[in-house]
Amino acid sequence: MKINLYNTLTRQKEAFKPIRGNQVGLYTCGPTVYNYAHIGNLRTYIFEDILKRVLVYNGYDVKHIMNITDVGHLTGDRDMGEDKLEAGARREGKTAWEIAEFYTKAFQSDLEKLNILDPTTWCKATDTIPEQIALIQELEEKGFTYRTSDGIYFDTSKFPGYTKLSHQDLDALQEGARVERNPEKRNSTDFALWKFSPEDVRRQMEWESPWGIGFPGWHIECSAMSMTYLGDQLDIHAGGTDHIDVHHTNEIAQSEAATGKRFFNFWMHGAFLIIAGGKKMAKSEGNFLTLDGSFTERGIDPLVYRFAAFLTHYRKPMEYSEEAVAAARNGLAHLRNQVRAIREKSGGRTGTVDTGSKDRFLSEINDDLNMPRAMAAVQEMLKSNLPPADKLATILDFEKVLGLELDRVDDTEGLPPEVLEKVDARNKARADKNWALSDQIRDELQAMGFVVQDTKDGTTVFPS
Ligand code: AMP
Ligand code: ZN
């Protein structure tokens, strides 16, 4: 079936076609590991996980590369400020290497809690310094670079089409030159490829290079790593929308300048998680919530956040609030109870995947990953007249994309045994048409703090 994906390059939905046969090369910009990821960052990784699962569900063989930025990302815009890793090390009294290792592990643990599949290859910026240097040398040979007192810069005026991804007005951008704090830059959009270590400070992370001791700029790592690991299989590159104007724009400029070839066919960007009042969640805003702080440590299943992310299309801002968490919590509990009830009815037997329901589900996910509509399709299937065994087979098939652990829902999981007993008793009472007893048990369950719903497959309950 055809997959349509929104491509930021062309600003429209396009039919996806890999460069080579059935293989897809996917590169997703990874975290800068100087602090915990916030749930805004994690929204972007959930979107990318859905993208990957949808491609796999459609039969593609996906090679997925995710980098770990452990050097070169500076605290300020436009190549100013301190390296975030070195700042993190000072803050915590550890080495930059220790900081990177600690927060890489924390990040990977967050992904696991959210059922986000591991990439085919993890790669660290600090492990590919020679490849980054080689790429800068290539740019130098082709005349795209110049030297200033603090580093080697890419001359963006030499690359036609610099704004093809951002669709920004270049003249307006260059106006920024008036407030430019680095007078040595030729154009305000120029960016550092290599920065020299300051003469008076010994950096923890620094390397020899043809230009002097220093460290790579942030953008060059993603160009070098994607080309090193994917070769010319440059199908899809993804990240958050904040990467469009600078990071991805610069990646395209330096990669295409070096190779003379197109760098990635599809560019996909996830919209921000915002908090009440429309403010974006950001480490620099000091308003960031972690997965553990907002979910795990409060006894809320982190998959509630994954479920919540499905309810807003990835290209629309998602608002985070306690009410939204509560609604997602109920929604996921309800979905699990529906699956539990179906499993009970079918006696745990799985039938065949219903092709009509699958086609409907596919048409939604293949329409630019429309998860809100895919979740509606899931509900339609669960509420349909299909035999329970076929419903079970179908939902377990959808689970390959959803990743909500619906395959682990069994009779005893999640709910306290006394609640499950009452659910069973109520199902029996209703089968016996003993409505008085059924109502009595419903009241008891409600008094225990559960919402009770009658579905065609029996009673389902979830915490109120
Ligand atoms: P960073 O660790 O800052 O490099 O960001 C990691 C990823 O999270 C990038 O793809 C960003 O675009 C993305 N991101 C940053 N802030 C948000 C947010 N509030 N909502 C969604 N994604 C975000
Ligand atoms: Zn990147």
_When you scan the range 388-404, do you find a residue that is open to solvent by 20 Å² or more (accessible area, probe 1.4 Å) and assigned to a loop (DSSP other than H, G, I, E, B), even just one?_
no
*asked:* Looking at (1) in contact with a Ser or Thr (Cβ under 8 Å, 6 or more places away or on another chain); (2) hydrophobic (A, V, I, L, M, F, W, C); (3) surrounded by fewer than 21 Cβ atoms within 10 Å (Cβ to Cβ), which one does residue 62 not meet, given that it meets all the others?
replied: (3)
_Which pairs turn up if I take residues in the range 36-64 that are more than 14 Å from residue 369 (Cβ to Cβ) and of a type in the set (Lys, Arg) and look for partners that are away from ligand 2 (no atom under 16 Å from the Cβ) and open to solvent by 20 Å² or more (accessible area, probe 1.4 Å) with beta carbon separation below 9 Å, at least 6 apart in sequence or on another chain?_
63/23; 63/120
*Can you tell me which residue in the range 405-445 is modelled with the lowest pLDDT, limited to those that are touching an Asp or Glu at 6+ places or on another chain (Cβ under 7 Å), assigned to a helix (DSSP H, G or I) and open to solvent by 10 Å² or more (accessible area, probe 1.4 Å)?*
420
*Does any residue of the range 89-102 turn out to be near ligand 1 (Cβ under 10 Å from one of its atoms), in contact (Cβ under 8 Å) with a residue 24 or more places away in the chain and in a helix (DSSP H, G or I)?*
no
*asked:* Please count how many residues of the range 210-259 are among the hydroxyl-bearing types (Ser, Thr, Tyr), within 16 Å of ligand 1 (Cβ to nearest atom) and open to solvent by 10 Å² or more (accessible area, probe 1.4 Å).
replied: 1
*Does the range 232-241 contain any residue that is of a type in the set (Ser, Thr, Tyr), touching a residue at least 40 places away in the same chain (Cβ under 8 Å) and more than 11 Å from ligand 2 (Cβ to nearest atom)?*
no
*Residues of the range 260-293 classified as farther than 26 Å from residue 173 by Cα and open to solvent by less than 10 Å² (accessible area, probe 1.4 Å), total*: 2
*Quick one: which helices (runs of 4 or more DSSP H) sit completely within the range 265-380 and have at least 3 residues that are more than 15 Å from residue 401 (Cβ to Cβ)?*
291-294, 303-310, 322-345
*Is there a residue being part of a loop (DSSP other than H, G, I, E, B) and hydrophobic (A, V, I, L, M, F, W, C) anywhere in the range 208-226?*
yes
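The values are calculated or read from the model by the stated rules, or taken from the named source; none is laboratory data. A quick note: this is a predicted structure, and the numbers were derived from the prediction, not measured. With ideal geometry, Cβ positions are generated from the backbone for all residues, glycine too; neighbour counts draw on all protein chains shown. For the accessible areas, the whole protein counts, side chains as well, though only heavy atoms, and no ligand, DNA or RNA atoms are used. Shrake-Rupley method; radii C 1.70, N 1.55, O 1.52, S 1.80 Å.
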